[in-house]
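The values are calculated or read from the model by the stated rules, or taken from the named source; none is laboratory data. The model shown is predicted, which means the values in this text are computed figures rather than measured ones. Cβ placement follows ideal geometry from the backbone for every residue including glycine, while neighbour counts extend to all protein chains displayed.
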Amino acid sequence: MHETVIPILPCRDIDEVAAFYGMLGFDTTHRQTRPNPYLALRRDGIELHFAGIAGFDPEQSYGSCIVAVDDTAGLFEDFAASMRAAHGKLLLTGIPRITRPRKRKNTGDVAGFTVVDPGGNWIRIFRSKAEPAPADSGDAASGPLARALENAIVQGEARGDTRQAAKILDGKLAGADDATPVTTLVEALVYRAELAVRLGDLDTAERLLARVAATPLDDSQRERLSDALANAADLELAVRPAVL
């Protein structure tokens with residue numbers, strides 16, 4: 001027996017939603033305006049349906065669903081490439097937006113990222129299985145800042161509480177010292193910069209990214225931090241209008 005469950009998510013405008021997901025590589029499989037606006041989309045095995053609701057406010061949406069995939073990183077890169085092609089950068093703030101894949105302690109360290117679409121729906125995309133833990137590099141992520149980063153990610157990514165996530169990190173970043181693993185420090189600085197961008201605090205984001213750029217890293221640390229450094233590069237595009 002093969003069961004299929006397809007969520008029906010709310011939106012303000014089905015054409016706005018169709019254009020956004022079309023950018024991400026989805027095909028429209030059904031569209032109607034009467035008797036009620038309705039849209040069906042598909043990308044490979046992912047199917048999403050939307051109901052248009054007059055007067056709907058995406059900022060107040062509670063719409064959400066989970067999509068389990070084999071490779072979150074690959075799907076994220078596909079989506080990111082489409083966004084960069086259409087907008088010249090990743091959409092990191094407001095509605096719509098996207099977050100980067102991250103492991104979350106509240107999901108058993110399964111990596112995931114989120115697409116918030118024009119309807120304000122949170123499409124939570126996770127790996128079907130947790131990745132095996134990496135071999136110890138000798139620069140283990142441990143200590144107060146690492147734990148704060150884990151907690152901040154839960155608040156910022158799972159619960160959408162950007163201000164609380166920033167508050168959690170600020171105190172521990174202020175107390176970071178020479179005993180703090182440099183990879184943990186950089187990951188925390190980059191994530192805090194991302195939170196600052198989401199909050200519209202571009203001066204803070206610029207300051208944190210400058211600190212990342214000034215942090216000495218060896219080749220093995222750069223390799224381990226490849227995702228965080230790629231995120232920093234995307235965030236630079238977000239703050240660039242403020243520094244030109």
Residue pairs meeting the criteria (Cβ under 8 Å; at least 6 apart or on separate chains; first free of Cβ contacts under 8 Å to residues at least 24 places away in the same chain, in region 61-88; second in a strand (DSSP E or B) and loosely packed, with under 13 Cβ neighbours inside 10 Å): none
Output for region 48-90, where each listed residue is of a type in the set (D, E) and either at pLDDT 95 or above or farther than 20 Å from L9 by Cβ (or both): D57, D70, D71, E77, D78
Return only the number of the condition from (1) under 30 Å from L229 (Cβ atoms); (2) more than 19 Å from the chain's Cα centre (by Cα) that F56 does not satisfy. (1)
Being outside any loop (DSSP other than H, G, I, E, B), within 23 Å of the chain's Cα centre (by Cα) and among the hydrophobic types (A, V, I, L, M, F, W, C) narrows A40, A19 down to just A19
